[in-house]
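Working notes, beginning with the structure itself.
The values are calculated or read from the model by the stated rules, or taken from the named source; none is laboratory data. On a predicted model such as this, the values are computed, not experimentally measured, just so you know. Quick reminder, even Gly has a Cβ in these numbers, built from the backbone with ideal geometry, and neighbours come from all protein chains shown. In case anyone asks, the SASA skips ligands and DNA or RNA and just uses the protein heavy atoms, side chains included. Shrake-Rupley method; radii C 1.70, N 1.55, O 1.52, S 1.80 Å.
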Amino acid sequence: RKRNFRKKKKFMLRTGLALTRSLLSRRALSGDHTSLLPVEHQQLRDACRRFADEVLAPQAASWDREHKFPADAVKQMSEMGLMGIDVPEEYGGAGLDYLAYAVAMEEISRGCASCGVIMSVNNSLYCTPMLKHGTTEQKKHHLTPFAAGQKLGCFALSEPGNGSDAGAAATTAHKDGSEWVLNGTKAWITNGYEADQAIVFATTDRSLKHKGISAFIVPKGIAGFTLGKKEDKLGIRASSTCNLIFEDARVPETHLLGDQGQGFKIAMMTLDAGRIGIAGQALGIAQAALEVATAYSKQRKSMGVTISQLQSIQAKLADMALRVESARLLTWRAAHYKDLGRNFTKEAAMAKLAASEAATFVAHQAIQVLGGMGYVSDMPAERHYRDARITEIYEGTSEIQRLVIAGRVLKEQDA
């Protein structure tokens, strides 16, 4: 058995490593779905795909293994205009739309899921609420450098004790003269270590419950603002995740984002848009896993034939492709609804739910197709499996997405 395993591993080293360098550039698995996109979006997709193939995919495994923040890659993403895709050019962004963002998120995440989430947080969770709710002066100072990629932002809503109950914010903010004073701890903050600034949600009036939550712009480096330890995560390990700790941290009154008491509404609107980004990330992971499995099945031989000729393998590939393509269309629809100015809450939840569950399913099946080689780090299948799992948790768990969808369906029935 050991000899057979070594023989399999030798086969993988002979063909698999070259495969992982080249398979991401193939279009065969994508069919002609890109023809559904406007020309500008196709060009963006091609540029992101080349970047993912040439820069991200070759380094993704080492970044993951070393828990290393991909600073150079993020800088290149900034130069490509990927850190503020739907932000107008006057505020440092690319001036594109949310469909462009969803397309770019898939391609970047296909190369490296960690780079995808770093990009997603800055776009969806930082730039989007700043663009929609910031004053002109706030946009000038707290949006432009972030959309241009000169600085990195993060979003601090979750807490150690509130889980999916975003309205139960224990972090508080009280007014002291012309300043707001923050106290409390925020948990699971992506980009926490590298971010220059955070949008932080804190209770300003407990008697009003979720209507007493406000949003604040909090720069790193101020007195009373410290970071917890870096979390040792299952996946997306090249991105940092940590607690943000506030102990009498003071910000000027001009750092209130939106109106006092509007924080919960800002958070929910932000998460709606963020779910499209995470759907894109999940799609990228799923597509990468599908490509690994398909390419491997064409080269791995068993009983005298490539395993791609076995009906059991073909059935797996068919189910995998079906879920990826279905989730992609849901994601594009949600982005299109947002671009049209329509309500997209249900559509974003559907896209995020379908894409995240597709990512988990496809990554799991990819390991089944690869067998023992799917279980070792010489091939990327096991990393895709680990990276996929988080997409069913952040930006609202799968259980929360089902509640959101059901609530909208019932409301539509009554209309």
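If you check 349, 363, 359, 388 for being under 30 Å from residue 309 (Cβ atoms), in contact with a Gly (Cβ under 8 Å, 6 or more places away or on another chain) and among the aliphatic types (A, V, I, L, M), only one passes: 388. Quick check on residue 265: is it part of a loop (DSSP other than H, G, I, E, B), of a type in the set (Lys, Arg) and either free of Cβ contacts under 8 Å to residues at least 24 places away in the same chain or touching a Cys at 6+ places or on another chain (Cβ under 9 Å) (or both)? So residue 265 fails the test. Checking each residue in the range 59-92 for being within 20 Å of residue 230 (Cβ to Cβ), part of a loop (DSSP other than H, G, I, E, B) and open to solvent by 40 Å² or more (accessible area, probe 1.4 Å) picks out 67, 68, 69. Residues in the range 392-415 that are aliphatic (A, V, I, L, M) and within 29 Å of residue 122 (Cα to Cα): 393, 400, 403, 404, 405.
For residue 263, the criteria (1) closer than 30 Å to residue 205 by Cα; (2) open to solvent by 30 Å² or more (accessible area, probe 1.4 Å); (3) of a type outside the set (A, V, I, L, M, F, W, C); (4) in contact with a helix residue (DSSP H, G or I) (Cβ under 9 Å, 6 or more places away or on another chain) hold in every case but one, which is (2). Under the condition of being in a loop (DSSP other than H, G, I, E, B) and open to solvent by 10 Å² or more (accessible area, probe 1.4 Å), which residue from the range 189-206 is nearest to residue 75 (Cα to Cα)? Ranking the candidates gives 194 first. Taking the criterion of being in a helix (DSSP H, G or I) and among the small types (Gly, Ala, Ser), the residues of the range 284-302 that qualify are 284, 286, 288, 289, 293, 295, 297.
For (1) among the aliphatic types (A, V, I, L, M); (2) touching a Phe, Trp or Tyr at 6+ places or on another chain (Cβ under 8 Å); (3) open to solvent by 40 Å² or more (accessible area, probe 1.4 Å), each residue gets a yes or a no:
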| position | (1), (2), (3) |
| --- | --- |
| 94 | yes, no, no |
| 97 | no, no, yes |
| 125 | yes, yes, no |
| 128 | no, no, no |
| 148 | yes, no, no |
| 155 | no, yes, no |
| 158 | no, yes, yes |
| 162 | no, no, no |
| 165 | no, no, yes |
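Kindly evaluate residue 32 against the criterion of being of a type in the set (Asp, Glu), surrounded by fewer than 16 Cβ atoms within 10 Å (Cβ to Cβ) and modelled with pLDDT of 80 or more. It is false that residue 32 is of a type in the set (Asp, Glu), surrounded by fewer than 16 Cβ atoms within 10 Å (Cβ to Cβ) and modelled with pLDDT of 80 or more.
Is one or more of the residues making up the range 354-362 under 21 Å from residue 323 (Cβ atoms), of a type in the set (Asp, Glu) and assigned to a helix (DSSP H, G or I)? Yes, the conditions are met somewhere in the range 354-362.
Of the candidates 186, 220, 209, the single residue that is exposed (fewer than 15 other Cβ atoms within 10 Å of the Cβ) and either touching a residue at least 12 places away in the same chain (Cβ under 8 Å) or in contact with a Phe, Trp or Tyr (Cβ under 7 Å, 6 or more places away or on another chain) (or both) is 209. Scanning the range 330-374 for residues that are over 22 Å from the mean Cα position of the chain (by Cα) and small (Gly, Ala, Ser), we see that the one that is surrounded by the fewest Cβ atoms within 10 Å (Cβ to Cβ) is 341. With respect to being basic (Lys, Arg) and open to solvent by 30 Å² or more (accessible area, probe 1.4 Å), residue 389 fits the description.
Please verify whether the range 228-236 includes one or more residues that are within 30 Å of residue 318 (Cα to Cα), part of a loop (DSSP other than H, G, I, E, B) and out of contact with any Asp or Glu (no Cβ under 7 Å at 6 or more places or on another chain). Scanning the range 228-236 turns up at least one residue that is within 30 Å of residue 318 (Cα to Cα), part of a loop (DSSP other than H, G, I, E, B) and out of contact with any Asp or Glu (no Cβ under 7 Å at 6 or more places or on another chain).
Identify all residues within the range 237-254 that are open to solvent by less than 50 Å² (accessible area, probe 1.4 Å), outside any strand (DSSP E or B) and either of a type in the set (Val, Ile, Thr) or without any contact (Cβ under 8 Å) to a residue 40 or more places away in the chain (or both); write none if there are none. The answer is none; no residue qualifies.
Confirm whether residue 257 is of a type in the set (A, V, I, L, M) and open to solvent by 20 Å² or more (accessible area, probe 1.4 Å). Here the answer is no, as residue 257 does not meet what is asked.
From the list 377, 312, the lone residue that is open to solvent by 50 Å² or more (accessible area, probe 1.4 Å), of a type outside the set (A, V, I, L, M, F, W, C) and not in a helix (DSSP H, G or I) is 377. Starting from the range 356-382, take each residue that is in contact (Cβ under 8 Å) with a residue 60 or more places away in the chain and list its partners that are in a loop (DSSP other than H, G, I, E, B) and surrounded by fewer than 19 Cβ atoms within 10 Å (Cβ to Cβ), counting only C-beta distances under 9 angstrom and pairs at least six apart or across chains. That search, which allows pairs on different chains as well, returns 356/393; 381/375.
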